[in-house]
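Presented below is the structure to which this report refers.
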Amino acid sequence: MTENRYQRTYPISWDQLHRDAKALSWRLLDKDFFNGIIAVTRGGLVPAAIIARELDIRLVDTICVSSYDWKNQKGEVKLLKGIEGNGEGWLIIDDLVDTGRTAKLIRELLPKAHFASVYAKPAGRPLVDTFVTEVSQDTWILFPWDTESQFVQPIAGMRQG
Ligand SMILES: O=P(O)(O)OC[C@H]1O[C@H](OP(=O)(O)OP(=O)(O)O)[C@H](O)[C@@H]1O
């Protein structure tokens, strides 16, 4: 279900997600992440797996967060599992920064880490160090793990009257 604050959708296929995660890997290639990757659950898990493969990083940890929707606005971000230390030498991966609430919390916890996301909206963009694609704030990104293919009516059948 599309929330009220979204005016358009941006469907992303598995192929595109794979390509975009590889594009992010290229942007991160020259940086050193001695410790490894921290995936932000749950959306960061898939790009983190692709980026770990591309950057030849085998140590992958998670920071686990949960955010609650309240009246169609994203609510408080709750930390379910953190990471010790200040994040130095770690690469944090998320699929998207939207309002930036999740990234803000994680940056406060791990100020020395490098925060990367595949997609970024304007409100969240200042909080990421590296990203690939910017989408407008009123776009609902349809990730492949949240969607499935289904039958749609032919265009001619959708005419009114
Ligand atoms: O910038 P924000 O407004 O905080 O939004 C970004 C967060 O929202 C998404 O997670 P979501 O809340 O959909 O949870 P999930 O990944 O566990 O499904 C996404 O994976 C980011 O972590």
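Please identify the longest segment of the chain free of exposed GluC sites (Glu not before Pro), where exposed means a DSSP state other than H, G, I, E or B and no more than 13 other Cβ atoms within 10 Å. Counting at most 13 other Cβ atoms within 10 Å as exposed, the longest clean stretch of the chain is 4-83. Taking the stretch 13-135, how many lysine pairs are there with alpha carbons less than 24 Å apart, if each pair must be eight or more places apart or span two chains? Eligible lysine pairs with Cα atoms under 24 Å apart amount to 18. Between Ser149 and Leu45, full extension at 0.36 nm per residue minus the direct alpha carbon distance yields a gain of 35.2 nm. Restricting the trypsin sites (Lys or Arg not before Pro) of the stretch 40-133 to loop positions (DSSP other than H, G, I, E, B) with no more than 10 neighbouring Cβ atoms within 10 Å leaves Arg58, Lys71. For the stretch 1-58 versus the stretch 76-103, the inter-centroid distance based on Cα atoms is 14 Å. Label the stretch 13-135 by shape, choosing from rounded, prolate and oblate, from the square roots a ≥ b ≥ c of the eigenvalues of the Cα gyration tensor; if a/c is under 1.5 it is rounded, and otherwise prolate applies when a/b is larger than b/c, oblate when it is not. Oblate, since a/c reaches 1.5 and b/c is not below a/b. The figure for Asp15 is an accessible area of roughly 110 square angstrom, using a 1.4 Å probe on the protein chains alone. Remark: accessible surface ordering of Phe131, Phe34, Phe115 (largest first) is Phe34, Phe131, Phe115, probe radius 1.4 Å. Largest first, the residues Trp140, Trp90, Trp145 sort by 1.4 Å accessible area into Trp145, Trp140, Trp90. When all protein chains stay in place and ligands, DNA and RNA are ignored, the 1.4 Å accessible-area order of His114, His18, largest first, is His18, His114. Taking every DSSP helix (H) stretch of at least 4 residues in the chain, weighting each as -39,500 (n - 2.57) and dividing the sum by the residue count yields a mean residue ellipticity at 222 nm of -6500 deg cm²/dmol.
Taking every DSSP beta bridge with both residues inside the stretch 13-135, roughly what % is antiparallel (nearest 5)? So the antiparallel bridges in the stretch 13-135 amount to around 25 percent.
The values are calculated or read from the model by the stated rules, or taken from the named source; none is laboratory data. What you see is a predicted model; the values in this text were computed from it and never measured. For neighbour counting, all protein chains shown are included, and Cβ atoms are generated from backbone atoms with ideal geometry for every residue, glycine included. These accessible areas exclude ligands, DNA and RNA; they are computed on the full protein's heavy atoms, side chains included. Shrake-Rupley method; radii C 1.70, N 1.55, O 1.52, S 1.80 Å.
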